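Note sheet for the following structure.
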Amino acid sequence: MAVLLLPLAGYGLARTGAVPEGTPIVLGLLCGIIGPVFLTELCEERAPFRHSSSHLTARTLTGERSVDLDRIATVRLFTTFSYGGPHRTVLVCDAHGVRLGITTTRSRGKLRRAIEKADANAARGVPRPRVSRAARTYLDLAPGQGLVVHTALAFLLLTMSASLYVVVAVRLSGQ
């Protein structure tokens, strides 16, 4: 959040004369580039990681996180774009509020089996996790066009929000 608010702080400082007038534009462009990349990296798994029958544990930039696979609350797909194409992270949140971004094939397989198990247990009255259509498609749990629609919407959202962010930064700087 601080990264996204930094250009507004630059605008306030520019209005008081503490920094040059063009500072909000520079901060806006830097934050627009760095912000989305940094936010996705905070909870993304890194080596070393451990798997057990009921937990996925991995190192992240904010420390070690362990998701309880028996108590999955939500599963979402997060897509960012780079020169190499789309980068996909499956965001898993358990009932304890622990969030982990899954990127490895082994972890995705473990998550897929946990979701299949939860879906089977739903017949016995156990609440099933909320899994987005795109995440189900990406994890090969459901056929369909969920991944295509998700990618198109993610790209449109990214380009529109980046454009609006730059426009606001330029307008606030008075240029």
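The values are calculated or read from the model by the stated rules, or taken from the named source; none is laboratory data. Given the structure is predicted, the values throughout are model-derived calculations rather than measurements. Positions of Cβ are backbone-derived with ideal geometry, glycine not excepted, and every protein chain shown enters the neighbour counts. Each accessible area value is taken on the protein alone, full model and side chains, heavy atoms only, with ligands, DNA and RNA left out. Shrake-Rupley method; radii C 1.70, N 1.55, O 1.52, S 1.80 Å.
Please tell me the relative contact order of segment 73-156 in percent, rounded to the nearest whole number, where contacts are Cα pairs under 8 Å and at least six residues apart. Write out the running numbers ahead of the final one.
Working: 102 pairs, mean separation 24.4, N = 84.
In percent, rounded to a whole number, it is 29.
Just going by the charge dipole of the chain, with Lys and Arg at +1 and Asp and Glu at -1 on Cβ, which of Ala114, Tyr11, Ser82 is farthest out on the positive end?
Ala114
Ordered by packing density, taken as the mean number of other Cβ atoms within 10 Å over each peptide's residues, highest first, how do 85-95, 113-123 rank?
Ranked from most to least packed, the peptides come out as 85-95, 113-123.
As a check on your grasp of the helix formula, calculate [θ] at 222 nm for the chain: sum -39500 (n - 2.57) over DSSP H runs of n ≥ 4, divide by the residue count, round to the nearest 500.
When only DSSP H runs of four or more count, the value is -16500 deg cm²/dmol.
How much accessible area per residue does the chain have, counting only protein heavy atoms and a probe of 1.4 Å, in square angstrom?
60
Could you go through segment 107-114 in sequence order and give the Karplus-derived ³J(HN,Hα) for each residue, using 6.51 cos²θ - 1.76 cosθ + 1.60 with θ = phi - 60°, rounded to whole Hz, and x for Gly and Pro?
So the Karplus estimates, Gly and Pro as x, are 5, 5, x, 5, 5, 4, 5, 5 Hz.
Determine the relative contact order of the chain: mean sequence separation of Cα pairs under 8 Å and six or more apart, normalised by residue count, in whole percent.
Contact order relative to length: 20 percent.
For Val131, list long-range residues whose amide hydrogen, built 1.01 Å from N in the peptide plane, is under 5 Å from its own amide hydrogen.
The list, which skips near neighbours in sequence, is Val75.
Identify, among Thr62, Tyr165, Gly144, the residue whose Cα sits farthest towards the positive end of the charge dipole of the chain, taking +1 on the Cβ of Lys and Arg and -1 on the Cβ of Asp and Glu, with the dipole about the Cα centre.
Towards the positive end, the residue furthest out is Gly144.
Would you please classify the overall shape of segment 67-151 from the alpha carbon gyration tensor, given that a ≥ b ≥ c denote the square roots of the eigenvalues, rounded means a/c under 1.5, and beyond that prolate means a/b larger than b/c while oblate covers the rest?
It comes out prolate by the Cα gyration axes.
Where the only charges are on Cβ atoms (+1 Lys, Arg; -1 Asp, Glu), what is the dipole of the chain about its Cα centre, to the nearest 20 debye?
540
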